[in-house]
Amino acid sequence: MAMDIISTKGVAEVLGVSEATVKRWADAGTLKCFRTAGGHRKFRLRDVRAFLTDQMDSPDAVGEASVGLAAELTREQLEARALALSSDVDALVSLIARERMRGRSLAHVFDEVIAPAMSQIGESWAAGKLTTAQEHVASNALIETIARVRPLIERPSTRYRGRAICTCLGDEQHDIGVRVVGLILAAEGFRTSMLGGNVPTSDIARMVASEQPALVALSASGHANLERLRSDIAIVAGAAAASQTRVLAGGHGFARLASVPSNVSRFFKLQEFVTLVKEPNG
Ligand code: B12
């Protein structure tokens, strides 16, 4: 079967509603479908996308908009969730471009649209409604999207601000946040070295000490072990203090620490972070 044709179950997972709801929408003609020889409903990805767009244009188009996810997520978040789960990287890139044309910054789009959409995917996964495989599809679609967006935002004329190391600490695998941070730093004139996830903290400290970058950006998810995070951040902060490297940390893990070393600036949102890195002497 063609890649862009999905079953009722697939649509239900992507939209976060029950199969019965999808069938009702299809039978009412709100969501276009066709039938197989055996009588099963099938949906084209482009029709599911058109359905989402219709919802955005007229919130009442779907009488059951309050069902399931539509009640928890904004339409943009719902759209991002569906696109990530259906691995539609082209449409995710378009979504980011569209939001930027509406005057929203990249930081805003990730803070307010993509992170909440991914957080909802995490909740559905934790509740057993999405499989690990589906969560991987969504995260890899996002990683590909971030790579595809980079040439669109890089401003070669920006003054060179120095080198930035972007990394997670220890066994942390949630590296999408730090990848977005890398994207934003590149747009602000930094040359970024992306270490990603799963990096021994001693290696990061050694790299900071020997290469003396202008800044090191760290990310830790809610999964991070706080004891370990406290000790890891102390090691990196110690290496950075000696080389006058600024340390910028963010993510749910850092938000949960009672305090961080004095030379570490902590952020929860990318929007606050951008304000700081944009400062003339930032
Ligand atoms: C994708 C994902 C994965 C992917 C990660 C792929 C990758 N390459 O990153 C994979 C499948 C590998 C994964 C694995 C696991 N995951 Co996971 N994962 C997620 C998920 C769904 C999305 C995270 C994400 O990418 N979000 C998109 C980015 C853009 O948003 P963000 O990370 O929130 O970052 C935002 C801010 O925090 C901030 N930010 C982040 N970092 C920084 C840094 C700086 C400097 C600044 C300024 C800002 C900033 O900016 C971003 C935009 O606002 C989350 C759900 C959630 N609530 O986050 C679960 C989640 C984090 N995972 C969870 C779990 C349990 C796991 C596993 C333990 C599962 C398992 N049993 O194996 C493993 C742990 C692996 C490990 N050792 O780290 C739990 C953690 C529970 C908790 N205690 O909080 C969550 C919350 C899911 C859930 N609801 O239960 N996961």
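The values are calculated or read from the model by the stated rules, or taken from the named source; none is laboratory data. Just so we're clear, the structure is a prediction, and the values are computed from it rather than from any experiment. Because the Cβ atoms are built from the backbone with ideal geometry, glycine has one as well, and the counts that use them run over all protein chains shown. Remember, those area values only see protein heavy atoms, side chains included, never the ligands or the DNA or RNA. Shrake-Rupley method; radii C 1.70, N 1.55, O 1.52, S 1.80 Å.
For the reader, a short list of remarks on this structure follows.
- Residues of segment 228-238 satisfying the condition of being more than 14 Å from the ligand (Cβ to nearest atom) and not aliphatic (A, V, I, L, M): Arg230, Ser231, Gly238
- Close pairs from segment 135-161: first in the same structural domain as Gln77 (by TED's automatic domain parsing), partner among the charged types (D, E, K, R), Cβ under 6 Å, at least 6 apart: Ile146/Arg179
- Members of segment 129-154 that are polar (S, T, N, Q) and open to solvent by 80 Å² or more (accessible area, probe 1.4 Å): Asn140
- Of all the residues in segment 170-203, those that are farther than 23 Å from Val274 by Cβ and more than 10 Å from the ligand (Cβ to nearest atom) number 5.
- Subset of segment 112-122 (residues that are within 6 Å of the ligand (Cβ to nearest atom) and either within 11 Å of the chain's Cα centre (by Cα) or farther than 15 Å from His252 by Cα (or both)): Ile114, Ala115, Met118, Ser119, Ile121
Residue-by-condition table, conditions (1) part of a loop (DSSP other than H, G, I, E, B); (2) among the hydrophobic types (A, V, I, L, M, F, W, C); (3) touching a helix residue (DSSP H, G or I) at 6+ places or on another chain (Cβ under 7 Å):
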| site | (1), (2), (3) |
| --- | --- |
| Ser87 | yes, no, yes |
| Glu99 | no, no, yes |
| Val113 | no, yes, yes |
| Ile121 | no, yes, yes |
| Asn140 | no, no, no |
| Arg148 | no, no, yes |
| Glu172 | yes, no, no |
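For every residue, the table says whether it meets (1) near the ligand (Cβ under 8 Å from one of its atoms); (2) at pLDDT below 95.
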| site | (1), (2) |
| --- | --- |
| Arg100 | no, yes |
| Ala127 | no, yes |
| Thr132 | yes, no |
| Ala138 | yes, no |
| Glu144 | no, no |
| Leu152 | no, yes |
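- Scan of segment 155-169 for residues that are away from the ligand (no atom under 15 Å from the Cβ) and open to solvent by less than 80 Å² (accessible area, probe 1.4 Å), ordered by number: Thr158, Arg161, Gly162, Arg163
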